[in-house]
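Trainee: Shown below is the structure under consideration.
The values are calculated or read from the model by the stated rules, or taken from the named source; none is laboratory data. As the structure is a computational prediction, the values presented were derived from the model and not from experiment. Neighbour counts run over all protein chains shown; Cβ positions are idealised from the backbone, glycine included. Keep in mind that these areas ignore ligands, DNA and RNA; they rest on the heavy atoms of the full protein, side chains included. Shrake-Rupley method; radii C 1.70, N 1.55, O 1.52, S 1.80 Å.
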Amino acid sequence: MDKNEALEDFLKSLRVALNHASVYFKEHPLFINAINDLRVKIINVSSFVKPLRIGVAPFSLVIAGESFANARVHKELSEIFHCRKIKRIEIQSGISAQELAVFIYVLSLPSREVFANGGLGRIIKKQALTSVNIEELDYFQLLTGEGQEYKDVWTFLLGSVVKEDKPEEIKEFTENFGKILSKFRNQDFLENETLRENILNFLNYLHLKNKEGFHSCARELTKAILRDKSLVEEEKLNKLKILLKDLDEEDLAQTLWDNILIDEDFDVFSFSLFSRLIDKEKQDRISACLVDKGKQGASVKFSPKIQKKLHDLFAKASTPFILEAYRRTFSPLLHTMEFASDEFLFNREALKKNYRTVLLNLFAELKNNVKMDMVAKRIIAELDVLSHEEDFPYLEALLELTAKAKKENPGAQEHFETIERHAFRLIEDWILKGGQLPDEHFFIEILQKSYYSHEFYLNAIFSEEKYSASVLELFFKFFPAELDVFKRRLKEKEDNASFLRKIIESLGKIDSRLSFEVLEYVFNSFSNFFKIESLKSMQSLSLVDENFLYSVLRKGDNFTRLEAAQALCRDKRKRIAVATTLLGVFNFFGISNNIVRENIKIIEDMDLREARDCLKSFMKRSFWNIPIKRCAQDLLLKWENKVESSSPAAAGEVSPTAEK
């Protein structure tokens with residue numbers, strides 16, 4: 001049995017044991033048999049992999065640097081682990097059957113029960129399991145997951161984060177509230193009483209301790225509800241109304257105005273749902289606030305799309321009666337607003353860019369912490385759509401501003417760091433998706449830590465084949481200690497010539513010692529074709545191991561010597577040393593004449609005229625050196641003729657040096 005077979009058997013046995021744990025009690029013979037079988041599989045695997053570590057990504061597992069993502073069992077196990085917030089599991093080979101049974105039973109618990117007891121790490125600690133170690137995910141790495149079980153996880157976490165009163169985690173939840181709510185639909189809000197209760201408790205907590213956070217999250221909740229246009233029965237409407245009960249008229253009007261201008265899907269049906277959710281006594285005040293928003297934008301020339309939307313909402317007689325309060329107050333304003341023709345001055349994109357520029361300038365000038373917090377939240381809301389619109393010049397300007405502002409205003413560090421944290425995650429996600437950046441060096445340089453594990457990166461590179469220079473550079477920057485794992489995974493791709501060629505090409509675009517080290521590994525471990533390709537990529541690098549290249553220059557074949565010479569001659573100061581090395585081959589009684597002739601041809605191909613003195617020295621050697629002497633003489637004559645042909649006065653003359 002080889003390593004891969006042992007690992008596959010182990011994963012299948014692990015899945016069977018988890019299935020049995022969810023169905024049978026711990027003393028059931030079938031469960032006991034499954035545990036004994038799993039323990040045997042762990043012992044078998046440990047002869048190849050020690051310690052046994054399982055890295056978890058959303059859709060795959062990583063063991064000993066190898067990704068397991070193709071089979072159904074791999075995906076099922078990764079989902080089980082991921083939605084229980086597991087980043088890595090380590091199992092000792094000497095684990096007892098009793099301890100293994102407890103661990104599998106705990107692992108099979110529903111995710112809600114796991115989190116209700118403080119997470120797997122805390123449960124394992126309580127059970128005093130010494131042969132198993134769990135490393136848990138950051139909460140927000142769970143945002144990549146989809147499905148009912150992930151909804152259950154977020155439902156529980158929204159409740160537990162308030163009960164445990166952890167300010168840092170509550171801050172993270174506040175900043176990512178919109179992304180969390182995107183996991184749910186109105187049907188979830190209606191049917192899941194616990195979800196409604198936990199959202200209300202979270203908002204109440206913010207209302208007491210973080211007013212700005214409350215307003216921001218309440219608006220996100222309103223947007224989430226309005227995004228889903230599925231019909232809500234009147235008797236169920238109160239379940240949604242209660243979620244919005246603490247929003248004031250200004251919050252509701254601002255949310256409504258934002259949706260009208262920015263959300264392309266916001267229409268009469270969305271507005272109708274909004275009107276049904278809000279008590280009638282608030283309607284007049286909201287419509288008045290909405291008119292104020294309209295007056296503030298009256299000097300802007302709205303695009304035809306916005307014009308049509310405003311007209312459909314507030315001017316058409318066919319609009320449902322529920323909108324009458326808004327139409328009565330807002331319709332007269334439509335006649336004072338300036339709308340652009342088809343060749344409009346301000347389209348949606350221009351409005352967004354102007355809005356972002358205003359935010360940026362405002363943020364640069366503010367010194368008041370409360371106002372800075374308000375503007376910072378607006379900027380963060382914009383960051384979520386920046387990558388889709390590829391407005392990276394704005395992002396670059398924002399990060400330059402925050403770096404400068406942190407030095408000038410140390411008292412406002414929290415605001416700047418919150419913006420940076422969102423921006424950094426956005427940049428890393430964009431690079432991992434294969435997106436192009438206008439100034440990659442700036443963005444990669446500014447990232448100081450990863451929001452993902454090295455297993456996540458390895459899976460992206462080798463399983464999903466996301467091997468751009470930017471992805472590889474981030475891996476080397478964040479996980480230099482995992483270079484050996486990277487090399488092993490690369491070796492496993494030896495039969496995939498297309499993949500290897502592209503990886504080697506990307507490595508040539510990363511001017512770092514780690515990139516060179518991987519290229520050196522390729523040279524030493526792969527076929528002659530890839531040796532040549534790796535040397536070609538080295539020619540783009542300034543950070544090289546000269547000892548390695550000189551070794552190739554002395555011991556390589558004709559093709560690799562040429563590429564090594566070109567890599568070294570990237571530094572013009574090395575040209576004489578390269579020429580000396582190529583022509584300094586030990587050649588007693590002509591035993592290396594063929595190699596010397598090949599090296600003279602390399603010198604000719606590279607036009608390495610610094611070799612002139614070395615070539616002249618061949619003119620004085622013994623009879624056995626005659627073939628070399630002729631090659632050297634021919635090249636010197638060729639060079640001399642080239643020089644003479646460039647001078648009219650010297651045309652037709654023979655070089656005295658060549659005649660000697």
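Results for (1) modelled with pLDDT of 80 or more; (2) of a type in the set (D, E, K, R); (3) on the phi > 0 side of the Ramachandran plot; (4) surrounded by 14 or more Cβ atoms within 10 Å (Cβ to Cβ), shown as yes or no for each residue.
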residue	(1), (2), (3), (4)
Ala116	no, no, no, no
Val132	yes, no, no, yes
Gln141	no, no, no, yes
Glu146	no, yes, no, no
Asn176	yes, no, no, yes
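Trainee: If I go through the stretch 89-104 residue by residue, how many of them are aliphatic (A, V, I, L, M) and either at positive phi or not in a helix (DSSP H, G or I) (or both)?
Mentor: Total satisfying the criteria: 3.
Trainee: Further question: Confirm whether Ser527 is within 28 Å of Val471 (Cβ to Cβ) and of a type in the set (Ser, Thr, Tyr).
Mentor: On the way: within 28 Å of Val471 (Cβ to Cβ): yes; of a type in the set (Ser, Thr, Tyr): yes.
Judged against the criteria, Ser527 is a match.
Trainee: If you take the residues of the stretch 213-258 that are among the basic types (Lys, Arg) and part of a helix (DSSP H, G or I), which of them is modelled with the lowest pLDDT?
Mentor: Lys236
Trainee: Among the listed residues Val544, Val522, identify the single one that is under 25 Å from Arg489 (Cβ atoms) and modelled with pLDDT under 90. Steps first, answer last, please.
Mentor: Numbers: Val522 fails: modelled with pLDDT under 90.
Only one candidate qualifies: Val544.
Trainee: Here is a further query. Considering only residues that are of a type in the set (A, V, I, L, M, F, W, C) and either out of contact with any Leu (no Cβ under 9 Å at 6 or more places or on another chain) or part of a helix (DSSP H, G or I) (or both), which ones fall in the stretch 105-128?
Mentor: Those that are of a type in the set (A, V, I, L, M, F, W, C) and either out of contact with any Leu (no Cβ under 9 Å at 6 or more places or on another chain) or part of a helix (DSSP H, G or I) (or both): Val106, Leu107, Val114, Phe115, Ala116, Leu120, Ile123, Ile124, Ala128.
Trainee: Given the options Leu426, Leu432, name the one that is within 11 Å of the chain's Cα centre (by Cα) and under 21 Å from His74 (Cβ atoms).
Mentor: Answer to the check: Leu432.
Trainee: Looking at Ala469, Ala460, which one is touching a Ser or Thr at 6+ places or on another chain (Cβ under 6 Å) and either at pLDDT 80 or above or β-branched (Val, Ile, Thr) (or both)?
Mentor: Just a single option satisfies the conditions, and that option is Ala469.
Trainee: Would it be correct to say that Ser506 is surrounded by fewer than 20 Cβ atoms within 10 Å (Cβ to Cβ), assigned to a helix (DSSP H, G or I), out of contact with any helix residue (DSSP H, G or I) (no Cβ under 8 Å at 6 or more places or on another chain) and of a type in the set (Gly, Ala, Ser)?
Mentor: no
Trainee: For the subset of the stretch 118-130 comprising residues that are touching a residue at least 24 places away in the same chain (Cβ under 8 Å) and either farther than 12 Å from Lys85 by Cβ or touching a Cys at 6+ places or on another chain (Cβ under 7 Å) (or both), which member is most open to solvent (accessible area, probe 1.4 Å)?
Mentor: Thr130
Trainee: Only one of Leu543, Leu553 is within 30 Å of Lys616 (Cα to Cα) and of a type outside the set (D, E, K, R). Can you tell me which? Quick ask: steps written out before the conclusion?
Mentor: Values: Leu543 fails: within 30 Å of Lys616 (Cα to Cα).
Leu553 is the lone residue from the list that is within 30 Å of Lys616 (Cα to Cα) and of a type outside the set (D, E, K, R).
Trainee: Out of all the residues in the stretch 41-78, which are surrounded by 16 or more Cβ atoms within 10 Å (Cβ to Cβ) and basic (Lys, Arg)?
Mentor: Result: Lys41, Arg53, Lys75.
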